[in-house]
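Readers should treat all values here as calculations from the given coordinates under stated rules, not as data from a laboratory. What you see is a predicted model, and the numbers here were worked out from it, not measured in a lab. Reconstructed Cβ throughout: ideal geometry from the backbone, glycine too, with neighbour counts over all protein chains shown.
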């Protein structure tokens with residue numbers, strides 16, 4: 001490996017780490033949904049991993065196509081920018097929809113009292129909610145679309161620095177160099193995502209605020225909505 005390739009490999013690892021840490025969309029949706037939907041560690045890690053793979057492969061495939069046809073960098077960057085717009089709006093739409101559903105569910109689960117008058121004149125009351133404690137979404141219940149929605153969003157989400165800063169410079173050597181730096185970038189990105197998501201998830205499991213428990217889904221949706229807005233309007 002030449003000195004230039006060593007520098008490119010180190011750059012790939014560094015950019016993979018930095019762009020993940022400073023991109024809340026890489027981990028906040030998984031942290032919020034894992035807490036709200038009570039996902040276990042294994043399920044959270046698996047969903048995060050596959051979404052990370054989809055996130056990386058989308059840009060890697062585009063980069064290889066661009067290199068193969070000799071496309072100019074600015075053309076590829078324009079496509080990546082468009083993909084980023086789609087992913088940001090998807091996050092906003094998903095977060096808004098999930099938040100509205102969470103608010104509706106929280107209001108239905110509020111406990112309220114009913115009074116009953118018996119024939120003998122006795123009056124008694126009881127409390128209940130329209131969403132019982134046993135109607136939550138189970139981690140392993142089939143049919144949940146949430147992981148698939150996340151995966152689709154992350155496939156559209158671009159890795160902006162990957163192609164212009166790593167893949168195209170590596171292509172000046174050979175295709176194996178491109179594969180190497182793309183793999184280093186991808187592994188670093190996914191490992192960073194997993195580390196942040198699992199560490200934050202472990203910490204949140206130690207925190208319990210009963211008053212907010214019924215609003216967990218609404219808060220998760222709001223977090224994802226704000227995450228998408230930060231990507232769209234703040235460029236994070």
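Protection proxy ranking of 5-13, 84-92, by the mean of other Cβ atoms within 10 Å over each peptide's residues and highest first, is 84-92, 5-13.
Pull out the extension gain between residue 65 and residue 172, defined as 0.36 nm times the separation in residues minus the alpha carbon to alpha carbon distance; nm, one decimal. Don't skip to the end; give the middle numbers.
Working: separation 107, 0.36 × 107 = 38.52 nm, distance 1.52 nm.
Gain in length upon complete extension: 37.0 nm.
The ranking of 162, 46, 219 by Cβ neighbour count inside 10 Å, starting from the fewest, reads 46, 219, 162. Label-to-label distance for residue 103 and residue 183 is 4.9 nm, based on points extended 7 Å past Cα in the beta-carbon direction. Shape index of segment 38-97: Rg/Rh, with Rg the Cα radius of gyration and Rh the Kirkwood radius from the inverse mean 1/r over Cα pairs, equals 1.12.
State the dimensionless ratio Rg/Rh of segment 164-236 (Rg: radius of gyration of Cα atoms; Rh: Kirkwood radius). All intermediate terms of the calculation are to be shown ahead of the outcome.
On the way: Rg = 18.9 Å, Rh = 15.7 Å.
For segment 164-236, the value is 1.20.
Subtracting the Cα-Cα distance of residue 79 and residue 17 from 0.36 nm times their residue separation leaves 20.0 nm of extension gain.
What does the convex hull of the alpha-carbon atoms of segment 1-73 project to on average, in nm²?
On the way: hull surface 26.8 nm².
Answer in nm², one decimal: 6.7.
Label point of residue 89 set 7 angstrom out along Cα-Cβ; within segment 221-236, amide nitrogens under 20 Å from it belong to 224-236. Placing dummy labels 7 Å off each Cα toward the beta-carbon, the span from residue 53 to residue 7 is 3.5 nm.
Taking 7 Å steps out from each Cα toward its Cβ at residue 229 and residue 202 produces label points 3.2 nm apart.
Cβ crowding within 10 Å, taken as a proxy for footprinting-reagent exposure, orders 226, 145, 62 from fewest neighbours to most as 145, 226, 62.
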